[in-house]
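The values are calculated or read from the model by the stated rules, or taken from the named source; none is laboratory data. Nothing here was measured: the structure is a model prediction, and the numbers come from that model. FYI the Cβ positions are ideal-geometry reconstructions off the backbone, even for glycines, and counts take in every protein chain you see.
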Amino acid sequence: MSLLIRDATVITVEPRGHIFEPGAVYVEGARIVDVGPSDEVVRRHPTAARVIDGRRKVVIPGFVSTHNHVGYTLFRGRAEDAGLGCVTGMYFPMTTVVTRPERLAVGSLTYAELLRSGVTTVLEMEEDADVYAPFVERLGIRSLMGVMTLDVEVDGLRHDRYRYDAVLRSAQLRQAVEFAEAWHGKADGRISVIMAPNMTISSSPELLRESRAAADRLGLRLSIHLGWGQAEGVATRRLHGVSPYEYARRNGLLAPDVVAAHCYVIEDPDIALLAETRTAVAHCPLINSVRGYIAPVGEFRRRGITVGLGIDSMFSDYFEVVRACVLMARLKEQNAVTMPTADALELATMGGARALGLEREIGSIETGKRADLVVLDYRVFGLTPTLDPIQNLVYHAHAMNVETVLVDGRIVVDDHRLVHADGSALIDSAQDAATAAWRRFVAKYGGIMAK
């Protein structure tokens, strides 16, 4: 199908920083065929199967969220005020309670929420992440997906006990590999599978090394949590004699094909390790600020580390993440002009694409790239007057301003509505699933925080 968006403000996020105003984008099939001043593009492509009137609208590349646990929306309204105790007191214990159908119901809602907020590419890592693949294929979103593996006895973690189980490790790796063999490259290439050992405290050296070996054998990328709390550093040094970052490096989990999520508890030698190994960082400024931490993203960028933005969990309006990227960077450096809005938008699009190894395919509006596009309506309260479209987008836009979303040239959100899913049904199913899962959690652990 051909599609023409004309007379819009087109923010390309390509290296020269072109903004065409008025501009146009012409799409054929899955690819961007032409972009530039509106009159020139329309003259070259006077007809299209569908034409979108872009007056008072802004077109941007689809957002790339480099770190997500879509099923962890199950903790929305539970974990935000729980501090880092939620990791061992809620997250790990819930894995012993929640069912695959319940996880699917909650995570499907989150995928839909992300798509409606302009996120076209999601790196999703989670226990039983394989359950989402058929829904992702139907929804039309692009996703890197990995079964989040561990080989520690979960109920010992909240008591600071670390016992690794070879049988569990074998089962988890088998699930992750079988998912990759079944789904990597499916959905017309929109689904890519990754290996995703959870974190250093839940992963033995054997699990990390075997994850690396599987990734190399199958041609997959990897992701892991690093630098997410002081307790992680204490436990990793006690168990393995080195920092979490060095432990990851020794076992193959710092490399150019790895995305390290968070990295807000970090020292200078650790930053040097990330730079030396060319490991990418998924910076999650919104959820990190909720936990009381701010990653040194400015220093990461000065050291040449690839940085993308991620939501992590519970939240779903990606514009809030882009805003938090600016605000947290300025608080961290006590500098009111660091992290300009154009830089934050670049991290949200091209930065994420680079982190995922997709910079030649997505992340900017350029001829030949995949047509992952977002159209925002600026003729609304809160975005008027429009004097600088990028500052308006970063400081003032919300998911509700997203009107149209394309992935691979296909319209997947049209006039604010999902094309391939029933939003109301997703909401009701997620509510029922969360209620049932938490009822069992409280019955097993005596409250909403396992003791």
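What the table below lists for this structure:
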quantity: Those residues of region 349-375 which are part of a loop (DSSP other than H, G, I, E, B), touching an Asp or Glu at 6+ places or on another chain (Cβ under 8 Å) and not small (Gly, Ala, Ser), in sequence order; calculated: ILE362, ILE365, GLU366, THR367, LYS369, ASP372
quantity: Residues (surrounded by fewer than 24 Cβ atoms within 10 Å (Cβ to Cβ) and closer than 22 Å to VAL87 by Cβ) located in region 109-126; calculated: GLU126
quantity: Pairs, first at positive phi in region 216-229, second in a strand (DSSP E or B), C-beta under 8 Å, six or more apart; calculated: GLY227/ALA260; GLY227/HIS262
quantity: Test: residue in region 261-272 that is surrounded by fewer than 24 Cβ atoms within 10 Å (Cβ to Cβ) and either in contact (Cβ under 8 Å) with a residue 60 or more places away in the chain or within 21 Å of ASP160 (Cβ to Cβ) (or both); calculated: yes
quantity: ALA261 being touching a Ser or Thr at 6+ places or on another chain (Cβ under 7 Å) and not in a helix (DSSP H, G or I); calculated: yes
quantity: Hits in region 209-240 - residues which are hydrophobic (A, V, I, L, M, F, W, C) and either modelled with pLDDT of 95 or more or assigned to a loop (DSSP other than H, G, I, E, B) (or both); calculated: ALA213, ALA214, ALA215, LEU218, LEU220, LEU222, ILE224, LEU226, TRP228
quantity: Strands (runs of 3 or more DSSP E) within region 1-58 that include 1 or more residues closer than 16 Å to GLU366 by Cα, touching a strand residue (DSSP E or B) at 6+ places or on another chain (Cβ under 8 Å) and without any contact (Cβ under 8 Å) to a residue 60 or more places away in the chain; calculated: 2-11, 19-28, 31-37
quantity: Criterion (in a loop (DSSP other than H, G, I, E, B) and either over 25 Å from GLY62 (Cβ atoms) or under 19 Å from the mean Cα position of the chain (by Cα) (or both)) met by exactly one of ILE266, ILE271; calculated: ILE266
quantity: Meets criteria (in contact (Cβ under 8 Å) with a residue 12 or more places away in the chain, in contact with a Phe, Trp or Tyr (Cβ under 7 Å, 6 or more places away or on another chain) and within 17 Å of ALA260 (Cα to Cα)) for GLY233; calculated: no
quantity: Residue in region 241-255 that is among the basic types (Lys, Arg) and assigned to a helix (DSSP H, G or I) present; calculated: yes
quantity: Set ARG142, ARG158: member being surrounded by fewer than 22 Cβ atoms within 10 Å (Cβ to Cβ) and basic (Lys, Arg); calculated: ARG158
quantity: Condition broken by GLY185, with the remaining ones in (1) touching a Ser or Thr at 6+ places or on another chain (Cβ under 8 Å); (2) surrounded by fewer than 15 Cβ atoms within 10 Å (Cβ to Cβ); (3) of a type outside the set (Ser, Thr, Tyr); (4) assigned to a helix (DSSP H, G or I) satisfied; calculated: (4)
quantity: Matching entry among TYR91, TYR72 (being closer than 22 Å to LEU123 by Cα, in a helix (DSSP H, G or I), at pLDDT below 95 and of a type outside the set (A, V, I, L, M, F, W, C)); calculated: TYR91
quantity: Residue identified as surrounded by fewer than 22 Cβ atoms within 10 Å (Cβ to Cβ) and touching a Gly at 6+ places or on another chain (Cβ under 8 Å) among ALA275, ALA280; calculated: ALA275
quantity: Residue in region 125-135 that is part of a strand (DSSP E or B), of a type in the set (A, V, I, L, M) and at pLDDT 95 or above present; calculated: yes
quantity: First in region 150-163 and basic (Lys, Arg), second anywhere and in a loop (DSSP other than H, G, I, E, B), Cβ under 7 Å, 6 or more apart; calculated: ARG158/ALA450; ARG163/GLU153
quantity: Some residue of region 399-413 being assigned to a loop (DSSP other than H, G, I, E, B) and either without any contact (Cβ under 8 Å) to a residue 24 or more places away in the chain or surrounded by fewer than 23 Cβ atoms within 10 Å (Cβ to Cβ) (or both); calculated: yes
quantity: Residue in region 376-384 that is modelled with pLDDT of 95 or more, assigned to a loop (DSSP other than H, G, I, E, B) and either among the charged types (D, E, K, R) or within 20 Å of the chain's Cα centre (by Cα) (or both) present; calculated: yes
quantity: Filter result for LEU356 (surrounded by 21 or more Cβ atoms within 10 Å (Cβ to Cβ) and more than 18 Å from VAL59 (Cβ to Cβ)); calculated: yes
quantity: Hey, MET328 assigned to a helix (DSSP H, G or I), outside the structural domain of VAL35 (by TED's automatic domain parsing), over 15 Å from the mean Cα position of the chain (by Cα) and buried (at least 19 other Cβ atoms within 10 Å of the Cβ) or not; calculated: yes
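For (1) under 30 Å from GLN230 (Cβ atoms); (2) out of contact with any Pro (no Cβ under 9 Å at 6 or more places or on another chain); (3) surrounded by fewer than 24 Cβ atoms within 10 Å (Cβ to Cβ), each residue gets a yes or a no:
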{"site": "SER38", "(1), (2), (3)": "no, no, yes"}
{"site": "ILE52", "(1), (2), (3)": "no, yes, yes"}
{"site": "PHE63", "(1), (2), (3)": "no, yes, no"}
{"site": "ASN68", "(1), (2), (3)": "yes, yes, no"}
{"site": "ARG76", "(1), (2), (3)": "yes, yes, yes"}
{"site": "MET90", "(1), (2), (3)": "yes, yes, yes"}
{"site": "THR95", "(1), (2), (3)": "yes, yes, yes"}
